[in-house]
Amino acid sequence: MWLDLSRIIETPGASVPFETELDAALLASDAIESFPVPPTARGQVVNTAGLLDLHATIRGRMRCRCDRCGTEFERELEQIVDQALAADLPEETDSDVFPVTDNGIDVSELLESCFLLERELKILCRPDCRGLCPRCGKNLNDGPCGCQPKRDPRFAVLEQLLDR
Ligand SMILES: [Zn+2]
Ligand SMILES: [Zn+2]
């Protein structure tokens with residue numbers, strides 16, 4: 001969505017609100033399979049003492065696949081984006097400032113790139129996910145499997161000594 005900033009570029013204190021839907025297909029990945037509630041962003045661009053700042057919150061609901069156990073689950077998406085914008089940026093710049101051209105920005109495109117830069121590459125169904133047993137493939141979150149851990153015979157001797 002194109003957001004016209006011509007009204008606020010020269011006016012400190014002025015702001016432009018926006019609300020836009022983001023391209024779910026673009027934001028999906030191995031970890032995030034789909035968005036049962038499409039990702040939308042709401043926010044505003046504010047001229048703060050001559051500098052343009054974009055603040056937005058991206059919301060939606062994601063269908064994810066756990067990186068450790070492969071279970072599918074749904075999770076709320078809420079990501080806050082704070083991005084500085086500037087008109088008349090020099091061509092060769094490696095700053096984090098996003099350039100404003102033709103007195104505006106493509107706000108959906110900007111937020112989609114912010115999401116892709118900051119997204120988690122590995123998502124777990126829960127922080128202490130136990131994963132799958134490497135021998136039988138059972139999901140260890142459902143309880144232990146029948147596989148006995150291989151024991152080193154040297155430790156068995158040590159345990160016998162400690163038992164005494
Ligand atoms: Zn898991
Ligand atoms: Zn097992």
Yes or no: region 143-157 includes at least one residue that is surrounded by fewer than 13 Cβ atoms within 10 Å (Cβ to Cβ), touching a strand residue (DSSP E or B) at 6+ places or on another chain (Cβ under 8 Å) and modelled with pLDDT of 90 or more. no
Given the conditions (1) more than 21 Å from residue 42 (Cα to Cα); (2) modelled with pLDDT under 95; (3) surrounded by 12 or more Cβ atoms within 10 Å (Cβ to Cβ), report the number of the one that residue 73 does not fulfil. (2)
Of these, 75, 126, 119, which one is among the charged types (D, E, K, R) and more than 17 Å from residue 58 (Cβ to Cβ)? 126
Only one of 14, 49 is on the phi > 0 side of the Ramachandran plot and in contact (Cβ under 8 Å) with a residue 12 or more places away in the chain. Can you tell me which? 49
Every residue from region 105-136 that is within 16 Å of ligand 1 (Cβ to nearest atom), modelled with pLDDT of 90 or more and surrounded by 11 or more Cβ atoms within 10 Å (Cβ to Cβ): 123, 124, 125, 126, 129, 130, 131, 132, 133
Say whether the condition of being closer than 22 Å to residue 13 by Cβ, in contact (Cβ under 8 Å) with a residue 24 or more places away in the chain, more than 16 Å from ligand 1 (Cβ to nearest atom) and not in a loop (DSSP other than H, G, I, E, B) is met by at least one residue in region 94-101. yes
Residue by residue through region 25-65, note down the ones that are farther than 24 Å from residue 3 by Cβ and in a strand (DSSP E or B). 32, 33, 34, 36, 61, 62, 63, 64, 65
Across region 127-142, the tally of residues that are free of Cβ contacts under 8 Å to residues at least 40 places away in the same chain and away from ligand 2 (no atom under 11 Å from the Cβ) stands at 3
What about residue 64, is it at pLDDT 95 or above and either surrounded by 13 or more Cβ atoms within 10 Å (Cβ to Cβ) or of a type in the set (Val, Ile, Thr) (or both)? yes
Positions within region 69-88 being within 16 Å of ligand 2 (Cβ to nearest atom) and under 19 Å from the mean Cα position of the chain (by Cα), in sequence order: 70
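Quick one: which of 40, 71 is without any contact (Cβ under 8 Å) to a residue 40 or more places away in the chain and among the β-branched types (Val, Ile, Thr)?
Residue meeting the stated conditions: 40.
The values are calculated or read from the model by the stated rules, or taken from the named source; none is laboratory data. Treat the numbers as computed from the prediction; the structure is a model and nothing was measured. Every residue, glycine as well, gets a Cβ built from its backbone with ideal geometry; the counts of neighbours run over all protein chains shown.
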